[in-house]
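Take a look at the structure set out below.
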Amino acid sequence: GVANVHGGVIHIADSTLATLPDRAPDVNLVALKVLGDAGSGSFLAIAAAIVYAGNHKFDIASMSLGAFVPHTGGSQAVLTLLQRAINYARENGVLPISSLGNEGFDLSDGDFVRDFVKVPAELAGVVGVAATGFRNEKAFYSNYGVGKTDVSAPGGSTRNYTGVPGSGAPPPPYF
């Protein structure tokens, strides 16, 4: 799959690789770095990695990254570039999966985020993933939305902010 080797994703990859030969001997994990060490990068690099996944007929392209892009203006070229890369990958058997983001936004809210698309998660053909937290409820930081969230999975931290599982202390407010 396609992975951002910045932040938590490489930790997941390290943990997965350690047990991969025993659990899934026929699975290969490929990490493609599309963001710099500070966590920023270009849409062209993301599209190139998605096309690479299609060229090599990967099963899954897992992307823990994203940005808000306006529907209109000069951003149409970015949306077209990424959508074409996704379409190419899908045509070559790749299932693109992407985080919906960590801003705590309801992406189906017609007022607040109506002028923006969360890419790549909201593009056609991409499985958008929201995060669940300690009590298997929506993580306070995770983006979500009716018609936007395809699947939810444990993310970030499965502990509350006291660091003690089940202590009952509420998490701090996001803002």
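The values are calculated or read from the model by the stated rules, or taken from the named source; none is laboratory data. Since the structure is predicted, the reported quantities are computational estimates derived from the model, not experimental observations. No Cβ is skipped: glycine too gets one built from the backbone with ideal geometry, and neighbour counts run over all protein chains shown. Calculation scope for accessible area: heavy atoms of the full protein, side chains included, ligands and nucleic acids excluded. Shrake-Rupley method; radii C 1.70, N 1.55, O 1.52, S 1.80 Å.
Every residue in the stretch 139-148 that is open to solvent by less than 90 Å² (accessible area, probe 1.4 Å) and in contact with a Ser or Thr (Cβ under 9 Å, 6 or more places away or on another chain), please.
Of everything in the stretch 139-148, those that are open to solvent by less than 90 Å² (accessible area, probe 1.4 Å) and in contact with a Ser or Thr (Cβ under 9 Å, 6 or more places away or on another chain) turn out to be Ala139, Ser142, Asn143, Tyr144, Gly145, Gly147, Lys148.
For the stretch 57-66, give me each residue that is open to solvent by 30 Å² or more (accessible area, probe 1.4 Å) and either in a strand (DSSP E or B) or over 18 Å from Asn87 (Cβ atoms) (or both).
Those that are open to solvent by 30 Å² or more (accessible area, probe 1.4 Å) and either in a strand (DSSP E or B) or over 18 Å from Asn87 (Cβ atoms) (or both): Ile60, Ser62, Ser64, Gly66.
Evaluate the following for Asp109: is it out of contact with any strand residue (DSSP E or B) (no Cβ under 9 Å at 6 or more places or on another chain) and either on the phi < 0 side of the Ramachandran plot or open to solvent by less than 70 Å² (accessible area, probe 1.4 Å) (or both)?
yes
Inside the stretch 98-151, can you point out the residues that are in contact (Cβ under 8 Å) with a residue 40 or more places away in the chain and basic (Lys, Arg)?
Scanning the stretch 98-151 gives Lys118, Lys148.
Every residue in the stretch 35-79 that is of a type in the set (S, T, N, Q) and closer than 26 Å to Asp111 by Cβ, please.
Matches in the stretch 35-79: Thr72, Ser75, Gln76.
With the structure loaded, tell me whether Thr132 is among the hydroxyl-bearing types (Ser, Thr, Tyr), modelled with pLDDT under 95 and open to solvent by less than 40 Å² (accessible area, probe 1.4 Å) or whether it fails that test.
Yes, satisfied.
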